[in-house]
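Below you'll find the structure I mean.
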Amino acid sequence: MVRYIVNLKHTVTALGCAVLLSGPASGQQAPQISELLEALRTAPPEQSAAAVRNVEREWSRSGSAAMDLLLKRGRDAMAVGNFDVAIGHLTALTDHAPDFPEGYHARATAFYRAGLYGPALDDLETALALNPDNFNAIFGLGVLFEELGNERRAAELYRRVLALNPHHENAEKALEQLKTIGIGRTL
């Protein structure tokens with residue numbers, strides 16, 4: 001029987017070098033989410049869609065290719081109306097990446113579209129506890145509150161969405177609709 005002796009110091013050093021050298025070749029860092037959010041807040045209308053995509057792209061990065069694949073599969077299943085499959089993929093995602101807010105946000109969307117408001121509300125609360133600036137999750141929470149008859153809370157949430165993303169058309173429309181019934185107007 002032959003035994004191989006492994007020098008852990010050299011193995012760990014080699015692994016560390018590989019990780020350090022696998023970063024961006026240009027030496028540029030990706031913008032921080034706070035910078036992306038500020039760019040969105042100040043973007044002119046014609047640039048807002050690109051700014052939203054940049055923020056959402058950053059939020060969709062879990063740091064794991066496997067977890068990103070589960071998110072994609074969940075979203076793909078939702079896109080074709082297969083909510084049970086979407087919930088399955090997204091539950092696997094939240095089980096394996098419990099600190100990844102977009103997993104909860106996506107699963108909340110799947111629950112909502114499946115008519116499961118309680119679990120949707122729970123996941124939105126978790127998503128927002130992990131990422132309080134997720135204007136899409138805030139908007140979803142507003143929609144839920146509006147459907148449950150709490151229009152005043154919904155209006156507050158829509159205003160919060162617009163503070164983060166001034167060009168969020170759905171939040172603008174929802175707030176305007178509430179204003180027609182006397183909710184959300186400022187005196």
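Mind checking Rg over Rh on the stretch 30-187, alpha carbons, Kirkwood formula for Rh?
0.98
Which order do you get for ASP123, ASP68 if you rank them by accessible area with a 1.4 Å probe, largest at the top?
If we order ASP123, ASP68 from most to least accessible, we get ASP68, ASP123.
Using a 1.4 Å probe and ignoring any ligands, DNA or RNA, find the accessible area of GLU156 and quote it in Å² to the nearest 10.
Accessible surface of GLU156 is approximately 90 Å².
If all Cα-Cα distances of the stretch 43-119 are sorted into 10 Å bins from 0 onward, what percent lands in each bin, rounded to whole numbers?
Calculated P(r), rounded to whole percents: 21, 45, 26, 8.
Based on alpha-carbon centroids, what's the gap between the stretch 137-174 and the stretch 46-77 in Å, whole number please?
21 Å
Also, quick follow-up: What distance in nm lies between label points placed 7 Å from Cα along the C-beta direction at ASP95 and ARG113?
About 2.2 nm separates the two model spin labels.
Here's something else I'd like to know. Per residue of the stretch 159-172, in order, report the coupling 6.51 cos²θ - 1.76 cosθ + 1.60 (Karplus, θ = phi - 60°) as ³J(HN,Hα) in whole Hz, putting x for Gly and Pro.
Result, ordered by residue: 5, 5, 4, 5, 5, 7, 9, x, 10, 6, 4, 5, 5, 4 Hz.
The values are calculated or read from the model by the stated rules, or taken from the named source; none is laboratory data. All figures in this text were calculated on a predicted structure; none of them were measured in a lab. When we count neighbours, we look across all protein chains shown, and the Cβ atoms used for this are built from the backbone with ideal geometry, even at glycine. Protein only, heavy atoms only, side chains kept; ligands, DNA and RNA dropped before computing areas. Shrake-Rupley method; radii C 1.70, N 1.55, O 1.52, S 1.80 Å.
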